[in-house]
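The structure appears right after this line, and notes come after that.
The values are calculated or read from the model by the stated rules, or taken from the named source; none is laboratory data. These numbers were taken from a predicted model, which means no experiment stands behind them. For neighbour counting, all protein chains shown are included, and Cβ atoms are generated from backbone atoms with ideal geometry for every residue, glycine included. For the accessible areas, the whole protein counts, side chains as well, though only heavy atoms, and no ligand, DNA or RNA atoms are used. Shrake-Rupley method; radii C 1.70, N 1.55, O 1.52, S 1.80 Å.
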Amino acid sequence: RGIQFLNIDKKDFAVAQKHLLWWGSTAAIHKGLDIVLDIFKTRPDLTLHVCGFKDEIEKEFLSAYNDELMNKIPNIINHGFVDLKSEQFIELMNKCSAVVSPSISEGGAVGIINIMANGGIIPIITTSSGLDVGHYGFMFEDINEATVNNMIDKFLTLSADEVKNLSIQVKNESREKYSIDKYKTRLKEILQEILSV
(Lines give C-alpha, C1' and ligand atoms only; values in the text may rest on other atoms or scores of the structure.)
Protein backbone atom coordinates (compact mmCIF):
# COMPACT_ATOMS: atom_id res chain seq x y z
CA ARG A 1 0.00 0.00 0.00
CA GLY A 2 1.37 3.41 -0.97
CA ILE A 3 1.00 6.79 0.69
CA GLN A 4 -2.64 7.84 0.80
CA PHE A 5 -3.38 11.35 -0.38
CA LEU A 6 -5.71 13.52 1.63
CA ASN A 7 -8.88 15.23 0.54
CA ILE A 8 -8.16 18.65 2.02
CA ASP A 9 -11.76 19.80 1.42
CA LYS A 10 -12.91 17.53 4.26
CA LYS A 11 -10.42 18.87 6.81
CA ASP A 12 -11.65 21.03 9.72
CA PHE A 13 -9.14 23.89 9.52
CA ALA A 14 -10.57 25.78 12.49
CA VAL A 15 -9.48 22.83 14.66
CA ALA A 16 -6.36 21.90 12.65
CA GLN A 17 -4.91 25.40 12.98
CA LYS A 18 -4.33 24.69 16.69
CA HIS A 19 -2.43 21.44 15.97
CA LEU A 20 1.15 21.76 14.73
CA LEU A 21 3.91 19.26 13.98
CA TRP A 22 7.60 18.90 14.60
CA TRP A 23 8.66 16.41 11.92
CA GLY A 24 12.18 15.05 12.20
CA SER A 25 14.34 12.12 13.20
CA THR A 26 17.84 12.15 14.69
CA ALA A 27 19.77 15.32 15.59
CA ALA A 28 16.89 16.84 17.57
CA ILE A 29 18.89 19.89 18.69
CA HIS A 30 20.14 20.45 15.14
CA LYS A 31 16.48 20.44 14.01
CA GLY A 32 15.38 22.78 16.79
CA LEU A 33 13.20 20.41 18.79
CA ASP A 34 14.42 21.96 22.04
CA ILE A 35 13.18 25.40 20.92
CA VAL A 36 9.82 23.99 19.82
CA LEU A 37 9.29 22.08 23.08
CA ASP A 38 10.21 25.14 25.17
CA ILE A 39 7.61 27.18 23.26
CA PHE A 40 4.76 24.68 23.37
CA LYS A 41 5.05 23.89 27.06
CA THR A 42 4.10 27.55 27.60
CA ARG A 43 1.34 27.49 24.95
CA PRO A 44 -1.58 25.41 26.26
CA ASP A 45 -3.71 27.03 23.52
CA LEU A 46 -1.90 24.84 20.97
CA THR A 47 -1.04 21.14 20.59
CA LEU A 48 2.33 19.95 19.33
CA HIS A 49 2.68 16.55 17.68
CA VAL A 50 6.31 15.35 17.77
CA CYS A 51 6.99 12.84 15.00
CA GLY A 52 10.21 10.94 14.36
CA PHE A 53 12.10 11.60 17.60
CA LYS A 54 14.34 8.59 18.31
CA ASP A 55 14.58 8.24 22.07
CA GLU A 56 16.80 5.15 21.85
CA ILE A 57 19.47 7.24 20.08
CA GLU A 58 18.96 10.66 21.71
CA LYS A 59 19.10 9.60 25.36
CA GLU A 60 20.66 12.84 26.63
CA PHE A 61 18.03 14.94 24.86
CA LEU A 62 15.29 12.70 26.27
CA SER A 63 16.75 13.13 29.75
CA ALA A 64 16.65 16.92 29.40
CA TYR A 65 13.10 16.92 27.99
CA ASN A 66 11.66 13.86 29.71
CA ASP A 67 8.30 15.36 30.70
CA GLU A 68 7.74 16.83 27.24
CA LEU A 69 8.67 13.65 25.36
CA MET A 70 7.07 11.13 27.71
CA ASN A 71 3.61 12.66 27.19
CA LYS A 72 3.46 14.22 30.67
CA ILE A 73 2.50 17.64 29.28
CA PRO A 74 -1.08 17.50 27.94
CA ASN A 75 -0.51 19.60 24.80
CA ILE A 76 2.71 17.88 23.67
CA ILE A 77 2.27 14.41 22.13
CA ASN A 78 5.29 12.34 21.15
CA HIS A 79 4.24 9.88 18.43
CA GLY A 80 7.71 8.42 17.79
CA PHE A 81 8.33 7.09 14.28
CA VAL A 82 5.38 7.58 11.91
CA ASP A 83 5.19 5.41 8.79
CA LEU A 84 4.07 7.43 5.75
CA LYS A 85 1.93 4.48 4.64
CA SER A 86 0.11 4.14 7.96
CA GLU A 87 -3.31 5.19 9.17
CA GLN A 88 -1.50 7.18 11.86
CA PHE A 89 0.10 9.32 9.15
CA ILE A 90 -3.31 10.01 7.58
CA GLU A 91 -4.79 10.89 10.98
CA LEU A 92 -1.94 13.33 11.70
CA MET A 93 -2.21 14.96 8.29
CA ASN A 94 -5.96 15.42 8.88
CA LYS A 95 -5.47 16.71 12.40
CA CYS A 96 -2.58 19.17 11.85
CA SER A 97 -2.16 22.29 9.74
CA ALA A 98 1.49 23.35 9.99
CA VAL A 99 5.00 22.11 10.72
CA VAL A 100 7.44 24.10 12.88
CA SER A 101 11.06 23.38 11.98
CA PRO A 102 13.77 25.72 13.32
CA SER A 103 16.55 23.61 11.79
CA ILE A 104 20.01 25.11 11.50
CA SER A 105 20.79 23.33 8.21
CA GLU A 106 19.08 20.91 5.83
CA GLY A 107 19.84 19.50 2.41
CA GLY A 108 16.36 20.05 1.08
CA ALA A 109 14.33 18.81 4.09
CA VAL A 110 12.80 15.75 2.42
CA GLY A 111 10.65 14.97 5.46
CA ILE A 112 9.10 18.44 5.32
CA ILE A 113 8.49 18.07 1.57
CA ASN A 114 6.69 14.77 2.21
CA ILE A 115 4.18 16.26 4.62
CA MET A 116 3.72 19.36 2.46
CA ALA A 117 3.06 17.31 -0.69
CA ASN A 118 0.95 14.59 0.94
CA GLY A 119 -0.85 16.53 3.65
CA GLY A 120 -0.82 20.16 2.58
CA ILE A 121 1.02 20.93 5.82
CA ILE A 122 2.03 24.60 5.89
CA PRO A 123 5.76 25.11 6.55
CA ILE A 124 7.02 27.39 9.32
CA ILE A 125 10.72 26.83 8.65
CA THR A 126 14.15 28.44 8.62
CA THR A 127 15.84 29.82 5.55
CA SER A 128 18.52 27.20 6.34
CA SER A 129 16.11 24.38 5.44
CA GLY A 130 17.12 24.38 1.78
CA LEU A 131 13.52 25.05 0.67
CA ASP A 132 12.01 28.23 -0.72
CA VAL A 133 8.46 28.42 0.62
CA GLY A 134 8.19 32.17 1.16
CA HIS A 135 5.06 32.60 -0.95
CA TYR A 136 3.07 29.81 0.74
CA GLY A 137 4.77 29.39 4.09
CA PHE A 138 6.53 31.24 6.86
CA MET A 139 10.32 31.54 6.72
CA PHE A 140 12.70 33.01 9.28
CA GLU A 141 16.47 33.45 9.70
CA ASP A 142 17.00 34.04 13.41
CA ILE A 143 16.77 30.69 15.14
CA ASN A 144 15.56 31.47 18.63
CA GLU A 145 12.47 31.04 20.76
CA ALA A 146 11.16 34.60 20.27
CA THR A 147 11.38 34.45 16.47
CA VAL A 148 9.75 31.02 16.22
CA ASN A 149 6.97 32.07 18.61
CA ASN A 150 6.40 35.18 16.50
CA MET A 151 6.09 33.06 13.32
CA ILE A 152 3.57 30.78 15.03
CA ASP A 153 1.55 33.82 16.15
CA LYS A 154 1.67 35.20 12.60
CA PHE A 155 0.31 31.88 11.30
CA LEU A 156 -2.47 31.97 13.92
CA THR A 157 -3.72 35.35 12.64
CA LEU A 158 -4.95 33.63 9.46
CA SER A 159 -8.61 32.74 9.17
CA ALA A 160 -9.62 29.08 8.77
CA ASP A 161 -10.41 29.78 5.10
CA GLU A 162 -6.98 31.36 4.56
CA VAL A 163 -5.32 28.33 6.17
CA LYS A 164 -7.33 26.01 3.93
CA ASN A 165 -6.41 27.93 0.76
CA LEU A 166 -2.75 28.04 1.80
CA SER A 167 -2.80 24.31 2.53
CA ILE A 168 -4.20 23.55 -0.93
CA GLN A 169 -1.52 25.76 -2.49
CA VAL A 170 1.23 24.06 -0.45
CA LYS A 171 0.06 20.61 -1.50
CA ASN A 172 -0.33 21.44 -5.20
CA GLU A 173 2.85 23.47 -5.63
CA SER A 174 5.10 21.14 -3.64
CA ARG A 175 3.81 18.11 -5.55
CA GLU A 176 4.60 19.94 -8.78
CA LYS A 177 7.95 21.46 -7.77
CA TYR A 178 9.41 18.43 -5.98
CA SER A 179 8.17 15.63 -8.24
CA ILE A 180 10.40 12.69 -9.25
CA ASP A 181 10.23 13.83 -12.88
CA LYS A 182 11.45 17.33 -11.96
CA TYR A 183 14.23 15.81 -9.87
CA LYS A 184 15.37 13.54 -12.73
CA THR A 185 15.29 16.40 -15.24
CA ARG A 186 17.28 18.72 -12.99
CA LEU A 187 19.81 15.99 -12.13
CA LYS A 188 20.31 15.29 -15.85
CA GLU A 189 20.85 19.02 -16.51
CA ILE A 190 23.45 19.23 -13.74
CA LEU A 191 25.32 16.15 -15.00
CA GLN A 192 25.34 17.54 -18.56
CA GLU A 193 26.73 20.85 -17.29
CA ILE A 194 29.49 19.03 -15.39
CA LEU A 195 30.40 16.80 -18.35
CA SER A 196 30.51 19.73 -20.79
CA VAL A 197 33.25 21.53 -18.82
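Would you calculate the volume per residue, in Å³, of the smallest convex hull containing every Cα atom of the range 118-197?
Convex hull of Cα atoms, per residue: 100 Å³.
Pop a pseudo-label 7 angstrom from the Cα along the beta-carbon direction at both ASP153 and HIS30 and give the gap in nm to one decimal.
It is 3.2 nm.
Rounded, prolate or oblate: pick one for the range 58-101, where a ≥ b ≥ c are the square roots of the eigenvalues of its C-alpha gyration tensor, a/c under 1.5 means rounded, and failing that, prolate if a/b is larger than b/c, else oblate.
Taking the square roots of the gyration eigenvalues as a ≥ b ≥ c, the range 58-101 is prolate.
With N residues in the chain, what two-decimal value do you get for its Cα radius of gyration over 2.2 N^0.38 Å?
1.03
Given the range 1-83, what whole percent of its Cα pairs are spread farther than 15 Å?
Value for the range 1-83: 60 percent of Cα pairs lie more than 15 Å apart.
For a Förster distance of 35 Å, can you work out the FRET efficiency between the beta-carbons of HIS79 and SER196, rounded to the nearest 0.05?
0.15
Residue by residue, what Karplus-based ³J(HN,Hα) values in Hz, rounded to whole numbers, does the range 115-131 have, using 6.51, -1.76 and 1.60 with θ = phi - 60° and x for Gly and Pro?
Each residue of the range 115-131 in turn: 7, 5, 6, 9, x, x, 6, 6, x, 10, 9, 7, 5, 7, 6, x, 10 Hz.
Could you identify which residue out of VAL148, VAL82, VAL36 has the top mean-square fluctuation in a GNM of the chain using Cα springs shorter than 10 Å?
Judging by the Gaussian network model, the answer is VAL82.
Pulled fully out, how much extra length does the chain show between GLU87 and GLU60, if you take 0.36 nm times their separation in residues and subtract their Cα-Cα distance?
6.7 nm
In the chain, carbon and sulfur make up what percent of the accessible area (probe 1.4 Å)?
Of all accessible area on the chain, carbon and sulfur atoms account for 52 percent.
Taking the Cα atoms only, what angle lies between the long axis of helix 160-177 and the longest principal axis of the chain, rounded to 10 degrees?
40
Running Debye on the range 89-131 with equal point scatterers at the Cα sites and no solvent, what base-10 log of I(q)/I(0) appears at q = 0.25 Å⁻¹?
For the range 89-131, the Cα-only Debye profile gives -0.82.
Sorted from largest to smallest, which semi-axis lengths in Å does the alpha carbon gyration tensor of the range 55-168 give for its equivalent ellipsoid, taking the root of 5 times each eigenvalue?
23, 18, 15
Round to the nearest 0.05 the FRET efficiency obtained for ASP38 and SER105 when R0 = 22 Å and r is the Cβ-Cβ distance.
Between ASP38 and SER105 the formula returns 0.60.
Per residue, how large is the accessible surface of the range 1-79? Use a 1.4 angstrom probe and give square angstrom.
The answer is 49 Å² per residue.
Taking the Cα centre as origin and putting +1 on Lys and Arg beta-carbons and -1 on Asp and Glu beta-carbons, what dipole magnitude results for the chain, to the nearest 20 debye?
Dipole size: approximately 620 debye.
Name the residue, out of LYS95, LYS171, LYS184, whose mean-square fluctuation peaks in a Gaussian network model built on the chain with Cα pairs under 10 Å.
LYS184
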